[in-house]
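Down below is the structure, laid out as structure tokens.
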Amino acid sequence: MDKPATKNSNAEDSGENRQTLQTTCRQFRVISKAFFASERRRKARGFLIALLLLALSVGAIQVLMSYAGRDFMTAITHKDSAAYWKALGWYLGSFGLAIPIGVYYRWVEERLALLWREWMAQHLVKRYFNNRAYFRLRGSESVDNPDQRISEDVRNFTVSSLSFLLIALNSLVTLVGFIGVLWMISGTLVTMLVVYALAGTMISIIIGRRLVRLHYHQYEKEADFRYSLVRVRDNAESIAFYRGEKREHLDLFNRLSAAVANMRLIIIRNRNLGFFTNSYNYLALVLPILVVAPMYMRGQVEFGVVTQAAGAFGTVLTAISLIITQFGGLSAYLAGVQRLGSLWDQLDEHDAEEQRIAFEKTNKPEENSQTVKLEGLTICTPVVMKTLVEKLSFELQGNQSLIIMGASGTGKSSVLRTIAGLWPGACGLLERPAADQLMFLPQRPYMVEGCLREQLLYPYPDRGADDEEILAVVAAVNLSDVLERVEGDLDRVVDWNNMLSLGEQQRIAFARLFLRKPKFAFLDEATSALDEENQRLLYQQIKESGIGFISVGHRETLIAFHDRLLTLDRSGSWKIDDVAAS
């Protein structure tokens, strides 16, 4: 009863492996085609053609050196002085030709790999930020650590792709150039070589077929470990306040242990594969001698033919044993292609979805409106589709305001995210001004790396503002003490995350708002770290600025700064009250 089950299991594994290989090949074609058809295609194709010509030249020189070496060794055995010096000249001449070709061959390969990496990283980063794909991929189960894929996997992919391409091309050139040499010496050598290589390839695939999946997991686990270290650095203060060193220490150890355990499996597989490949390579040194040595002892060939046959046999065997000799690197490379391919496919799906998604009644939100208008908007959680807010409707003019309140989990922040286009689980009608006329202030503002001027003008530093206007806004939001800490220098760069308290960071966000002057602002607990006086000061200024705004908050004192109050209930129901009337 067990044997049929085993056969079925093996058949399923084999089918899955074939399907994975087909997917990987498709992903490789798509990624490579995109580069060689891109705006840099002329330069890329020029480098590629030069590289292929140099590769052919290298193969031709190897054949030439083979014959030069044969004549040189034969002249030595014959003790022929004239032939010796002539053969030595040809031998050294082939070296002189091989050196510059080999150098430029390597140079062109590295330049093409660098050009490919630069384009591909820029292309993926552009798509990563397009339509906020970086935000939507946060919860993706199929794409872990996109940062690692864009940086490390792209570098490995471009370098390894060219490396394996050239190895395959050199193998083909070598096969064409040297198979004739072997056939002229002995047909038995060629037959032995083909049988030996085919048997070795099949055995190496059987032994190392699980290495691709193990390398895939290794990339993932290494990236998880590195991300945990970055997370500790970014949240050092919170961890210190909580005294969470032991918990973080344990988490890092667990992630490191997972990476080490997976690497241990890779090492074991490589060890088993190494036993076979080393035996395979050492035996290959003897096989041609076993065939040609008797021919030499019978006087059928010169001694130089023996060394030529050994060299040619080893070269051709290496050429047709590509899978055996490169199996470890090839398995790691295929794992990298799969990781890049899955990121590429996810971005393709995201782009396709962005073209058709938005709301049931409109294909996309109206972004030419001068108001914020919601009509019958139902908001649900993205995965389980639980209704948070049902058929919400209201309209705000450019100088009006609304505050959203309710118990935790009623969907207050989800309303803001839906208006921003960050929340996919919504249907209904939404009208709003263009995205560059909106500004969102989260509870914890994002602090960029750079000087105070760049901090205040984020995310549009090119729009600019003169120093007088910046200093006036800094004083208006009570950030004069921060300016004093940088000695009044707006262009001084410091570590703002560690220098500024959360309350100061929230005032930085309001300074950005007043410098940018959008039509509407959306404040999600944007004053939670401020005292009542600073909160009153900032809300009073935003009302006087004429900017329309929607706030999310819990403090009852916030209601007085708004025209209307939207109260959400856990059942999905809601109500709107006029603040002045109540």
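The values are calculated or read from the model by the stated rules, or taken from the named source; none is laboratory data. Predicted, not measured: the structure shown is a model, and the values here were computed from it. FYI the Cβ positions are ideal-geometry reconstructions off the backbone, even for glycines, and counts take in every protein chain you see.
Looking across 564, 536, one residue alone is assigned by TED's automatic domain parsing to the domain that holds residue 397 and farther than 22 Å from residue 398 by Cβ. It is 536.
The number of residues in the stretch 494-540 that are under 19 Å from residue 475 (Cβ atoms) and assigned to a loop (DSSP other than H, G, I, E, B) comes to 6. In the stretch 403-446, the qualifying residues are those that are of a type in the set (S, T, N, Q) and closer than 19 Å to residue 564 by Cβ, and the one that is surrounded by the fewest Cβ atoms within 10 Å (Cβ to Cβ) is 413. For the criterion of being in a helix (DSSP H, G or I), farther than 30 Å from residue 233 by Cα and either modelled with pLDDT under 90 or not assigned by TED's automatic domain parsing to the domain that holds residue 553 (or both), residue 468 passes. When residue 72 is tested against the conditions (1) in contact with a Phe, Trp or Tyr (Cβ under 6 Å, 6 or more places away or on another chain); (2) not in a helix (DSSP H, G or I), the lone failure is (2). In the stretch 541-553, the qualifying residues are those that are under 15 Å from residue 511 (Cβ atoms) and part of a helix (DSSP H, G or I), and the one that is nearest to the chain's Cα centre (by Cα) is 542. Scanning the stretch 65-103 for residues that are within 21 Å of residue 299 (Cβ to Cβ) and loosely packed, with under 14 Cβ neighbours inside 10 Å yields 77, 78, 79, 80.
Meeting the requirement of 2 or more residues that are within 15 Å of the chain's Cα centre (by Cα), within 30 Å of residue 303 (Cβ to Cβ) and outside the structural domain of residue 320 (by TED's automatic domain parsing), no helices (runs of 4 or more DSSP H) wholly within the stretch 119-212 can be named.
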